[in-house]
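The values are calculated or read from the model by the stated rules, or taken from the named source; none is laboratory data. As the structure is a computational prediction, the values presented were derived from the model and not from experiment. For neighbour counting, all protein chains shown are included, and Cβ atoms are generated from backbone atoms with ideal geometry for every residue, glycine included. Only protein heavy atoms, including side chains, enter the accessible area calculation; ligands, DNA and RNA are left aside. Shrake-Rupley method; radii C 1.70, N 1.55, O 1.52, S 1.80 Å.
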Amino acid sequence: MTTDNSLSDGGGEKTHREETTALREELRALRDTIVDGLIIIDEDKKVSSFNPGAERIFGYSAAEVIGENVKMLMPDPYHSEHDAYVDNYRHSGEAKIIGLGREVTGRRKDGSTFPMYLSVGEMKAGDSRMFVGIVRDLTDMNAQKYLIEGIASNLPGPVFRRIQRPDGTLLFTYVSDGLRRVFDLNPDAVVSDPQYLINAIHQDDLPGWRAALQAAQDDLVPHDYQMRVTGDGGRTRWM
(Lines give C-alpha, C1' and ligand atoms only; values in the text may rest on other atoms or scores of the structure.)
Protein backbone atom coordinates (compact mmCIF):
# COMPACT_ATOMS: atom_id res chain seq x y z
CA MET A 1 0.00 0.00 0.00
CA THR A 2 2.79 2.37 0.88
CA THR A 3 4.50 1.75 -2.42
CA ASP A 4 1.26 2.23 -4.33
CA ASN A 5 0.54 5.56 -2.58
CA SER A 6 4.01 6.81 -3.32
CA LEU A 7 3.63 5.96 -6.96
CA SER A 8 0.24 7.61 -7.06
CA ASP A 9 1.52 10.82 -5.45
CA GLY A 10 4.52 10.91 -7.71
CA GLY A 11 2.32 10.48 -10.74
CA GLY A 12 0.09 13.33 -9.54
CA GLU A 13 3.04 15.64 -9.06
CA LYS A 14 4.30 14.83 -12.51
CA THR A 15 0.90 15.55 -14.02
CA HIS A 16 0.73 18.88 -12.20
CA ARG A 17 4.19 19.83 -13.46
CA GLU A 18 3.21 18.87 -16.98
CA GLU A 19 0.03 20.92 -16.77
CA THR A 20 1.95 23.90 -15.44
CA THR A 21 4.52 23.60 -18.21
CA ALA A 22 1.78 23.29 -20.82
CA LEU A 23 0.04 26.40 -19.46
CA ARG A 24 3.28 28.37 -19.56
CA GLU A 25 3.84 27.29 -23.16
CA GLU A 26 0.32 28.33 -24.10
CA LEU A 27 0.79 31.75 -22.49
CA ARG A 28 4.16 32.13 -24.20
CA ALA A 29 2.63 31.24 -27.56
CA LEU A 30 -0.19 33.73 -26.99
CA ARG A 31 2.26 36.46 -26.01
CA ASP A 32 4.44 35.81 -29.04
CA THR A 33 1.71 35.57 -31.66
CA ILE A 34 -0.64 38.46 -30.89
CA VAL A 35 -0.25 41.35 -33.32
CA ASP A 36 -0.51 44.05 -30.65
CA GLY A 37 2.41 44.95 -28.45
CA LEU A 38 2.38 43.41 -24.99
CA ILE A 39 4.65 45.00 -22.40
CA ILE A 40 4.91 44.01 -18.73
CA ILE A 41 6.63 46.28 -16.21
CA ASP A 42 7.36 45.88 -12.50
CA GLU A 43 6.72 48.34 -9.69
CA ASP A 44 10.01 50.06 -10.48
CA LYS A 45 8.68 50.77 -14.02
CA LYS A 46 11.28 48.40 -15.47
CA VAL A 47 10.28 46.29 -18.47
CA SER A 48 10.20 42.56 -17.69
CA SER A 49 8.50 41.30 -20.87
CA PHE A 50 8.45 42.71 -24.40
CA ASN A 51 6.72 40.54 -27.00
CA PRO A 52 7.46 40.33 -30.76
CA GLY A 53 4.49 42.59 -31.48
CA ALA A 54 6.09 45.30 -29.36
CA GLU A 55 9.42 44.71 -31.13
CA ARG A 56 7.73 45.29 -34.50
CA ILE A 57 5.93 48.41 -33.30
CA PHE A 58 8.82 50.13 -31.51
CA GLY A 59 11.80 48.82 -33.48
CA TYR A 60 13.65 47.64 -30.37
CA SER A 61 14.59 44.06 -29.63
CA ALA A 62 13.40 42.65 -26.33
CA ALA A 63 17.02 42.48 -25.12
CA GLU A 64 17.38 46.26 -25.61
CA VAL A 65 14.28 47.08 -23.57
CA ILE A 66 14.04 44.50 -20.77
CA GLY A 67 15.39 45.97 -17.54
CA GLU A 68 14.97 49.56 -18.77
CA ASN A 69 12.38 52.11 -17.65
CA VAL A 70 9.38 51.85 -19.96
CA LYS A 71 9.33 55.60 -20.46
CA MET A 72 12.10 55.15 -23.05
CA LEU A 73 9.22 54.26 -25.39
CA MET A 74 7.48 57.61 -24.84
CA PRO A 75 8.17 61.14 -26.06
CA ASP A 76 7.51 64.15 -23.86
CA PRO A 77 5.23 65.00 -22.14
CA TYR A 78 4.42 61.30 -21.51
CA HIS A 79 8.11 60.53 -20.89
CA SER A 80 8.35 62.91 -17.92
CA GLU A 81 4.83 62.24 -16.59
CA HIS A 82 4.87 58.44 -16.60
CA ASP A 83 6.75 57.78 -13.34
CA ALA A 84 4.48 60.20 -11.50
CA TYR A 85 1.37 58.40 -12.81
CA VAL A 86 2.57 55.01 -11.58
CA ASP A 87 3.80 56.34 -8.22
CA ASN A 88 0.55 58.20 -7.65
CA TYR A 89 -1.47 55.07 -8.34
CA ARG A 90 0.68 52.93 -6.02
CA HIS A 91 0.28 55.35 -3.11
CA SER A 92 -3.23 56.75 -3.62
CA GLY A 93 -5.03 54.22 -5.81
CA GLU A 94 -6.07 57.05 -8.14
CA ALA A 95 -6.09 55.59 -11.66
CA LYS A 96 -4.96 57.96 -14.37
CA ILE A 97 -3.59 55.27 -16.64
CA ILE A 98 -4.29 51.98 -14.82
CA GLY A 99 -7.45 50.24 -15.95
CA LEU A 100 -8.02 52.84 -18.63
CA GLY A 101 -7.49 52.99 -22.37
CA ARG A 102 -6.55 56.09 -24.29
CA GLU A 103 -4.78 57.32 -27.40
CA VAL A 104 -1.23 58.48 -26.71
CA THR A 105 2.00 58.96 -28.65
CA GLY A 106 4.78 56.39 -28.75
CA ARG A 107 8.45 56.78 -29.70
CA ARG A 108 10.29 54.26 -31.87
CA LYS A 109 13.97 53.38 -31.67
CA ASP A 110 14.73 55.70 -34.60
CA GLY A 111 13.21 58.62 -32.67
CA SER A 112 10.06 58.89 -34.77
CA THR A 113 6.73 59.23 -33.00
CA PHE A 114 3.42 57.59 -33.84
CA PRO A 115 -0.16 57.44 -32.52
CA MET A 116 -1.01 54.39 -30.45
CA TYR A 117 -3.86 53.14 -28.30
CA LEU A 118 -2.65 52.09 -24.86
CA SER A 119 -4.57 50.10 -22.27
CA VAL A 120 -2.95 49.25 -18.94
CA GLY A 121 -3.96 46.60 -16.41
CA GLU A 122 -2.58 45.40 -13.10
CA MET A 123 -1.73 41.90 -11.93
CA LYS A 124 -0.23 40.41 -8.78
CA ALA A 125 3.02 38.43 -8.80
CA GLY A 126 3.37 37.12 -5.26
CA ASP A 127 3.62 40.17 -3.01
CA SER A 128 4.53 42.44 -5.90
CA ARG A 129 2.43 44.20 -8.49
CA MET A 130 3.04 44.08 -12.22
CA PHE A 131 1.52 46.30 -14.88
CA VAL A 132 0.53 44.95 -18.28
CA GLY A 133 0.30 47.32 -21.23
CA ILE A 134 -1.35 46.48 -24.55
CA VAL A 135 -0.27 48.73 -27.41
CA ARG A 136 -1.96 49.08 -30.78
CA ASP A 137 -0.28 51.10 -33.53
CA LEU A 138 -2.85 53.52 -35.00
CA THR A 139 -0.67 54.74 -37.87
CA ASP A 140 -2.43 52.72 -40.57
CA MET A 141 -5.86 53.42 -39.09
CA ASN A 142 -5.20 57.16 -39.12
CA ALA A 143 -3.95 56.89 -42.71
CA GLN A 144 -7.21 55.20 -43.71
CA LYS A 145 -9.20 57.89 -41.90
CA TYR A 146 -7.33 60.65 -43.73
CA LEU A 147 -7.84 58.85 -47.06
CA ILE A 148 -11.59 58.59 -46.49
CA GLU A 149 -11.78 62.22 -45.42
CA GLY A 150 -9.75 63.22 -48.47
CA ILE A 151 -12.27 61.49 -50.75
CA ALA A 152 -15.20 62.98 -48.81
CA SER A 153 -13.78 66.47 -49.12
CA ASN A 154 -14.06 66.26 -52.92
CA LEU A 155 -17.69 65.14 -52.98
CA PRO A 156 -20.16 67.94 -53.85
CA GLY A 157 -22.46 67.35 -50.87
CA PRO A 158 -21.61 67.19 -47.16
CA VAL A 159 -20.33 64.05 -45.43
CA PHE A 160 -20.65 63.71 -41.65
CA ARG A 161 -19.10 61.43 -39.06
CA ARG A 162 -21.35 61.46 -36.02
CA ILE A 163 -21.13 59.95 -32.52
CA GLN A 164 -23.97 59.76 -30.05
CA ARG A 165 -22.84 60.01 -26.44
CA PRO A 166 -24.38 57.80 -23.71
CA ASP A 167 -26.46 60.79 -22.56
CA GLY A 168 -28.01 61.11 -26.04
CA THR A 169 -26.17 64.25 -27.12
CA LEU A 170 -24.50 64.36 -30.54
CA LEU A 171 -20.86 64.88 -31.42
CA PHE A 172 -19.66 65.43 -34.99
CA THR A 173 -16.02 64.36 -35.34
CA TYR A 174 -15.81 65.18 -39.06
CA VAL A 175 -17.83 67.33 -41.47
CA SER A 176 -16.70 67.82 -45.07
CA ASP A 177 -16.51 71.18 -46.80
CA GLY A 178 -19.49 70.21 -48.95
CA LEU A 179 -21.65 71.62 -46.16
CA ARG A 180 -20.23 75.05 -46.88
CA ARG A 181 -20.34 74.73 -50.67
CA VAL A 182 -23.93 73.53 -50.94
CA PHE A 183 -25.70 74.77 -47.82
CA ASP A 184 -23.66 77.82 -46.77
CA LEU A 185 -22.93 76.38 -43.32
CA ASN A 186 -19.53 76.26 -41.63
CA PRO A 187 -18.34 72.63 -41.15
CA ASP A 188 -15.83 73.63 -38.47
CA ALA A 189 -18.62 75.24 -36.48
CA VAL A 190 -20.56 71.94 -36.50
CA VAL A 191 -17.54 70.07 -35.11
CA SER A 192 -17.03 72.71 -32.42
CA ASP A 193 -20.72 72.91 -31.49
CA PRO A 194 -23.36 70.50 -32.90
CA GLN A 195 -26.04 72.98 -31.82
CA TYR A 196 -24.91 75.20 -34.71
CA LEU A 197 -26.26 72.65 -37.21
CA ILE A 198 -29.34 71.90 -35.13
CA ASN A 199 -30.18 75.60 -35.04
CA ALA A 200 -29.99 75.71 -38.84
CA ILE A 201 -32.63 72.96 -39.25
CA HIS A 202 -36.23 74.11 -39.62
CA GLN A 203 -38.00 73.59 -36.30
CA ASP A 204 -40.82 71.62 -37.94
CA ASP A 205 -38.29 69.16 -39.40
CA LEU A 206 -36.22 68.55 -36.26
CA PRO A 207 -38.36 65.73 -34.77
CA GLY A 208 -38.26 63.74 -38.02
CA TRP A 209 -34.51 64.27 -38.37
CA ARG A 210 -33.88 63.00 -34.87
CA ALA A 211 -36.14 60.00 -35.45
CA ALA A 212 -34.36 59.12 -38.70
CA LEU A 213 -30.95 59.26 -36.99
CA GLN A 214 -32.17 57.08 -34.14
CA ALA A 215 -33.78 54.58 -36.52
CA ALA A 216 -30.58 54.30 -38.58
CA GLN A 217 -28.60 53.72 -35.39
CA ASP A 218 -31.04 51.11 -34.07
CA ASP A 219 -31.57 49.23 -37.35
CA LEU A 220 -28.04 49.68 -38.80
CA VAL A 221 -29.60 50.29 -42.23
CA PRO A 222 -29.87 53.53 -44.25
CA HIS A 223 -32.81 55.85 -43.61
CA ASP A 224 -33.78 58.75 -45.87
CA TYR A 225 -35.10 62.04 -44.57
CA GLN A 226 -35.59 65.43 -46.19
CA MET A 227 -35.38 68.61 -44.18
CA ARG A 228 -35.00 72.34 -44.60
CA VAL A 229 -31.83 74.09 -43.47
CA THR A 230 -31.07 77.80 -43.44
CA GLY A 231 -27.52 78.84 -44.31
CA ASP A 232 -25.52 81.63 -42.75
CA GLY A 233 -26.59 83.92 -45.60
CA GLY A 234 -30.27 83.42 -44.75
CA ARG A 235 -31.26 81.20 -47.68
CA THR A 236 -33.25 78.03 -46.95
CA ARG A 237 -32.48 74.87 -48.90
CA TRP A 238 -33.65 71.25 -48.78
CA MET A 239 -31.18 68.69 -47.49
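Points to keep in mind about this one:
- Environment charge of R237, counting only residues whose C-beta is closer than 13 Å and scoring Lys/Arg +1, Asp/Glu -1: +1
- Here the label points at E43 and E18, each 7 Å from Cα along the C-beta direction, are separated by 3.8 nm in the simple model.
- From the C-alpha gyration tensor of segment 22-86, square roots of 5λ in Å: 23, 13, 10
- Taking amide H positions as modeled 1.01 Å from N, with prolines and chain starts lacking one, the residues under 5 Å from V159 and 5 or more places away or on another chain are S176, G178, L179.
- Pairwise label distance in nanometres, L213 with K124, each label 7 Å out on the Cα-Cβ vector: 4.7
- Global size of segment 162-211: 11.2, 32 Å for Rg and Dmax (C-alpha atoms, Rg to one decimal, Dmax whole).
- 1.4 Å probe accessible area per residue over segment 144-239, in Å²: 63
- Subset of K45/K145; K71/K145; K71/K124 violating a 31 Å alpha-carbon distance limit: K45/K145
- Values of log10 I(q)/I(0), in the order q = 0.10, 0.15, 0.18 Å⁻¹, for segment 101-181 under a Debye, Cα-only, solvent-free model: -0.45, -0.80, -0.95
- Each label was represented as a point 7 Å from its Cα along the Cα-to-Cβ direction; for D140 and M227 these points are 3.7 nm apart.
- Local electrostatic count, R161, Cβ distance below 10 Å [Lys/Arg +1, Asp/Glu -1]: +1
- Whole-percent carbon and sulfur share, accessible surface of segment 162-226, 1.4 Å: 51
- Cβ-Cβ FRET estimate between E68 and V132, R0 fixed at 25 Å, reported to 0.05: 0.90
- Cβ-derived FRET efficiency at R0 25 Å, L220 paired with D167, nearest 0.05: 0.70
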